[in-house]
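The values are calculated or read from the model by the stated rules, or taken from the named source; none is laboratory data. This is a predicted model, so every value here is computed, not measured. Glycine gets a Cβ as well: all are built from the backbone with ideal geometry, and neighbour counts include every protein chain shown. All accessible areas refer to the heavy atoms of the entire protein, side chains included, with ligands and DNA or RNA removed. Shrake-Rupley method; radii C 1.70, N 1.55, O 1.52, S 1.80 Å.
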Amino acid sequence: MLSLPQEQLKKALVEKGFLSEKEFEKYKEKAKRLEANLGEILVSEGIISSEYYYQLLSEYYKIPLAKSTQREIDLKTLNIIPEEIAREKKAIAFEVDEKNNLLKVAMTDPTNIQTIEYLERFTGKKIKPYLETEANLEKVFAIYAKQTTTQFEEIVKKSIQATKQIKEKKLEEAAKEVPIVQLLDYLLYYAIFANTSDIHIEPLEKEVLIRFRIEGLMREIIRFPKEILNALVARIKLLSSLKIDVHRKPQDGRFRFSTKEGNVVDLRVSIMPQLYGEKVVMRLLSATRPLSLTEIGLLKGSLEKVKKAISRSFGTIFVCGPTGSGKTTTLYSILSILNKPEVNIITIEDPIEYAIKYINQIQVNPQAGLTFASGLRSILRQDPDIILVGEIRDKETAEIATHAALTGHLVLSTLHTNDAPTAIPRLIDIGVAKFLIAATINTIIAQRLVRKICKNCIYSYKPKKSEVDAIKEQLLVLGVKEEEIKIPSLFFKGKGCQVCNGTGYKGRSGVFEIFEINEKMREFIASKNFNLDSLKKMAREHSYRTMFEDGLKKIELGITTLEEVLRAVRE
C-alpha cells in the first residue's frame, strides 16, 4: 500500500476528528513495532475506510483515482498487460489512446518509476498512471477469469496426455516426472486464483473427480482418468513428507506452495483410503496478515462487546462453530489486537495458520508426545499472560485451560457447538465442573460464514411475501415475540457479472452472536437447576442476539442475502 507521510496523515485525521492525538500516536507506535504501513493499520482497524485513505493519497500525490470497477474494460485492452505481470506489478490497463500511443494504467503505487518504465518497455506505449485500491484491482483481476479457466483446461489436458505416456515406474519416480509436477502445480495455481478454501481429489470407479470449495460451496472443476490418481497422490505425499508406500491408513501433512507472482499458500493435507482409492483433501491457508475484527464482519454493537471481553486480564473466551466457519480467523484477529510489547502471548495450535510476530506459537505434534494437554501444561511454566488453545477436545485440556483462566491468565479457545449458549452444556459434557465454568467464562462467540453480495452488480428490491414469512418463522423459533419482529423494507442481490463470475457473490463475511456471561447467569450455571432453555431466556433479557438476527442486519445493510443467511444458520 502506498504510504502517506505521517504528519500529513495526522493532520488529516486528528483535525477532522477521526482520532485524538494520543490515539494517533498509539497506532503510530503499533505500525512501527509491527513494521507495517500506518495507513494499512488504520484501514484494517476500521478507523478510516480504504476509499478515504486513497482519496487522501490522490490529493497528496496529485494523481487521479482510476475507479476501474466503474469502467467498462474490454479484454483486448486488459490483455495489453498479461495477468501474470498485472498481478506481479499490481497494475492493470483500462484505457488505450492509439492516436497518442498512450496507455492508462491503474496502479496501487503510481509513484513507482521502475514499474512504469518496465511497463513502457513491455507495452511499447507511454504510460499514464492512475491510483487504485488493492480491493478494486482484485475485482478487475476477476475479468481474467474466463481466459484463465480456458487456459487451465487446455494445460490440464496436455498434462494428462503426457502423464498417460509415463511408463510403469515406482510411485516415487512417477511423482517426480514433469507431467505430474506440472499437473499439480496448475491445479494449485488455479485453486489460488479461484479463492478456493479446500481442494478435494475424489477417486470414483472409473475416473477422478476434482472439486473446489469456493466461498463455502463445493464446485466440480474437472475429471481426470483413473490412471493418474496414484502418481498424483504420490506427488502430494512427497511434498507433504508422508509415506508414499502406505495406502491403507489415513495420513496428515502439510507443505508450502508459491506462485510466480509471489503468492504464498500453506496447504494442510489429509489423505484417507476409500472404496476406489485414496481421497485427498487439501486446505489452503493463505500466509497473509490476520484480518481486523471489522474486516471479518463484526458490526458496531458486537465489536464493542468483543473489545470489552478481550480487555479483561483473566478468564476464558470461546469461539464456537463447525469446521470451516472461520473460528481460527476470529481468534487471530483478537490476537493481533492483544499483541503488545507488555504481554507474553503463547499459543498451541493444530495447525499454525498464520505466523504472527512477537507471539510464541507451538505446533501440536502427537507423535512427539506434544498434545494440547501436555503442551498447555508446559506453557503455564513459560510465564504467559495470554494463552490460545487451538481447540478444547477433552476433559484434561479443558480443566487445565479452566484452571489457567482461574489463576490470572486470559485464555482463548474454540469449541464445536451449534450456537454460543450450547458451549456451556458442551463443557459440562466434557467433564468440567459447573462452578469452574461459571467462574471463568467471560464471553462466548458463535459464528458462521456467508457469501457477500458482489458490489459491482448489487441491486435492491422489495422483499417477497415468502421471504417475509421465512424471516418471521425463523425469529419465532428463536423466541422473538411477534410484535418485536421488524422486517427490512429493502433486500439486496447481485445480478451476476464478470467480477463475480456470474454468481452475484464475491467474498465472505461472518455472522455472529456474542454471549456475555453476567453475575446472574454465573449463579444459574453453577446451580442444580441449570438448563439451556432458561439460560437462553436470561441472555435475551441482557442484549443477547442470535446469528440469524445478526444476519438480518447484514441483509438490511446490503452485505449478504436472505438465502445465504438461511443456508448458514437456519434452525
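What the table below lists for this structure:
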item	result
Answer residue from segment 429-488, given it is more than 30 Å from residue 141 (Cα to Cα) and of a type in the set (Gly, Ala, Ser) and is surrounded by the most Cβ atoms within 10 Å (Cβ to Cβ) among those	446
Test: residue in segment 118-133 that is over 22 Å from residue 455 (Cβ atoms), within 24 Å of the chain's Cα centre (by Cα) and modelled with pLDDT under 90	no
Qualifying residue in segment 485-501 (condition: aromatic (Phe, Trp, Tyr) and either touching a Pro at 6+ places or on another chain (Cβ under 6 Å) or closer than 24 Å to residue 323 by Cβ (or both))	yes
Matching residues, segment 311-337, being under 22 Å from residue 509 (Cα atoms), open to solvent by 10 Å² or more (accessible area, probe 1.4 Å) and not basic (Lys, Arg)	318, 322, 323, 324, 326, 328, 329, 336, 337
Segment 525-537, residues that are open to solvent by 10 Å² or more (accessible area, probe 1.4 Å) and under 30 Å from residue 324 (Cα atoms)	531, 532, 533, 534, 536, 537
Tally of residues being modelled with pLDDT of 90 or more and under 30 Å from the mean Cα position of the chain (by Cα) across segment 61-77	2
Which listed residue is in a helix (DSSP H, G or I) and either without any contact (Cβ under 8 Å) to a residue 12 or more places away in the chain or surrounded by fewer than 18 Cβ atoms within 10 Å (Cβ to Cβ) (or both), from 357, 340, 308	308
Entirely in segment 2-66, the helices (runs of 4 or more DSSP H) that have 1 or more residues that are open to solvent by 50 Å² or more (accessible area, probe 1.4 Å) and touching a Lys or Arg at 6+ places or on another chain (Cβ under 8 Å)	6-15, 21-33
Residue match in segment 174-197 (condition: surrounded by fewer than 13 Cβ atoms within 10 Å (Cβ to Cβ), more than 29 Å from residue 325 (Cα to Cα) and modelled with pLDDT of 90 or more)	no
Some residue of segment 386-396 being part of a helix (DSSP H, G or I) and over 12 Å from residue 318 (Cα atoms)	yes
Meets criteria (modelled with pLDDT of 90 or more, buried (at least 17 other Cβ atoms within 10 Å of the Cβ) and within 18 Å of residue 395 (Cβ to Cβ)) for residue 414	yes
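Conditions tested, residue by residue: (1) acidic (Asp, Glu); (2) crowded, with 17+ Cβ neighbours inside 10 Å; (3) outside any helix (DSSP H, G or I).
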residue: 502; (1), (2), (3): no, no, yes
residue: 509; (1), (2), (3): no, yes, yes
residue: 523; (1), (2), (3): yes, no, no
residue: 539; (1), (2), (3): no, yes, no
